[in-house]
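Enquirer: My questions will all concern the structure given below.
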Amino acid sequence: MKCQQQFKCWMVIIVFFKADMEVKLKALECHFTWGIEKANIKHLDSLPEKLLDRIMKVCTPNHATYFNLLAFLSHLEENNVSALEYLHKAESALKNRQDDTELLVTYANFAWVHYHSGNMNNVDAYTGKRFQPHSSSLPSIHGEKAWSFLRLGGLFYKGAKESFQKALKGDPDNASFNVGYAMVLYRLEWLATDGTERLAHTEGATQLRKALSLEPDNTEVMVLLALKIQNESGHESMKLIKEALRLSPDVPHITRYLSEYFRYTGINESLEVLEKALKLSVNSPFMNYQIARIHTHKFTENVTCYPHCIKC
């Protein structure tokens, strides 16, 4: 009888302990509490590869953000071992940052992954790491949330926009926040017109110019601005494209935008730009492919036109 009572007491303690821990976890700001549903993530299968491409090929302050997102995606795939590995990489990427608040999301994710792995002692250790009562209002938290939402696809773009606005309210000159805000405005405007209108005088275009002034070598901002103003400022847009080709001839997410740009540019002009750029990057797969594609298109056009030309 006494053993049964002790067992019941222990069960009550465990239930209260777990409930208290869940309350603490739900109060944290991180991917596990931001309402991210697996079903709403666009291209979930290919997203990890794209994030790793960005980490490997682009020098950006967002590496820790992408590692955090990769950790959450790993958890969604029930791979908490991989999730912890990515979180350690995120922590390492942030170790020399002056702003300690940038670690808060990483620590919160650590706590949640350990909780789901049954490592309760580690949960307690991470929930006690410098969490502040008003951390949800910190620009670094809003920025982390905004960048994560931006990478998760169209259903998260409005949330990304709102979070970037909150981050910029607290830190208006932050280059990363301004760049991210420009990108999400571009994508929302593109979705609103189904990609059929490219206007140089929109909020997105203005923000892209501001972002480029803060990060002059950001080739993704360059190509987005070039696409935005292509119809109204052809000379300026082509200048941006040439510079992007020089700086990032084979970065996958940049070349996708470049391919879109050349679809709406004259064949001869595109060929001239690509051939000049190829001299600076002879082994570029992207440029060699694009040049071959243009020559194939020109050859097909000539073959199609040939019978008509003979009759004339």
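Enquirer: Can you list the HN-Hα couplings for the stretch 61-75, worked out from phi with the Karplus curve (6.51, -1.76, 1.60; θ = phi - 60°), rounded to whole Hz and with x for Gly and Pro?
Expert: Per residue, the Karplus-derived 3J(HN,Hα) values read x, 8, 4, 5, 4, 5, 5, 4, 5, 4, 5, 5, 5, 5, 4 Hz.
Enquirer: Just to confirm a number: summing +1 for Lys and Arg and -1 for Asp and Glu over residues other than residue 164 whose beta-carbon lies under 14 angstrom from that of residue 164, what do you get?
Expert: That works out to +3.
Enquirer: Still on this structure, please answer the following. Rounded to the nearest 20 Debye, what is the dipole magnitude of the stretch 41-92 about its Cα centre when Lys and Arg each give +1 and Asp and Glu each give -1 at the C-beta?
Expert: Dipole of the stretch 41-92, to the nearest 20 debye: 260 debye.
Enquirer: If you don't mind, another one. Can you tell me the order of 158-169, 206-217 when each peptide is scored by its average per-residue count of other Cβ atoms within 10 angstrom, highest first?
Expert: 158-169, 206-217
Enquirer: In nm, to one decimal, how far is the residue 79 label point from the residue 292 one, both placed 7 Å along Cα→Cβ?
Expert: 3.1
Enquirer: Please work out the FRET efficiency for the pair residue 239 and residue 57, using the Cβ-Cβ distance as r and a Förster radius of 30 Å; give the result to the nearest 0.05.
Expert: 0.80
Enquirer: Can you give the net charge of the other residues whose Cβ lies under 14 Å from the Cβ of residue 84, counting K and R as +1 and D and E as -1?
Expert: Local net charge: -3.
Enquirer: Another one. Peptides 111-117, 231-237: what's the order by average Cβ count within 10 Å, highest mean first?
Expert: 111-117, 231-237
Enquirer: Rank-order 244-251, 221-228, 55-62 by packing density, defined as the average count of other C-beta atoms within 10 Å over each peptide's residues, highest first.
Expert: 221-228, 244-251, 55-62
Enquirer: A further question on this structure: Starting from 0.36 nm per residue, how many nanometres of slack lie between residue 100 and residue 158 once their C-alpha separation is accounted for?
Expert: Between residue 100 and residue 158, full extension yields 18.1 nm more.
Enquirer: Follow-up question, since we're still on this one. Find the Rg to Rh ratio for the stretch 20-136, where Rh is the Kirkwood radius over alpha-carbon pairs and Rg uses the same atoms.
Expert: That ratio is 0.95, to two decimals.
Enquirer: Next up: For residue 232 paired with residue 50, estimate the spin-label separation in nm (one decimal), with each label point 7 Å from Cα along the Cα-to-Cβ line.
Expert: 2.7
Bear in mind that the values in this text are calculations on the coordinates, not laboratory data. Since this is a predicted model, take the numbers as computed values, not measurements. With ideal geometry, Cβ positions are generated from the backbone for all residues, glycine too; neighbour counts draw on all protein chains shown.
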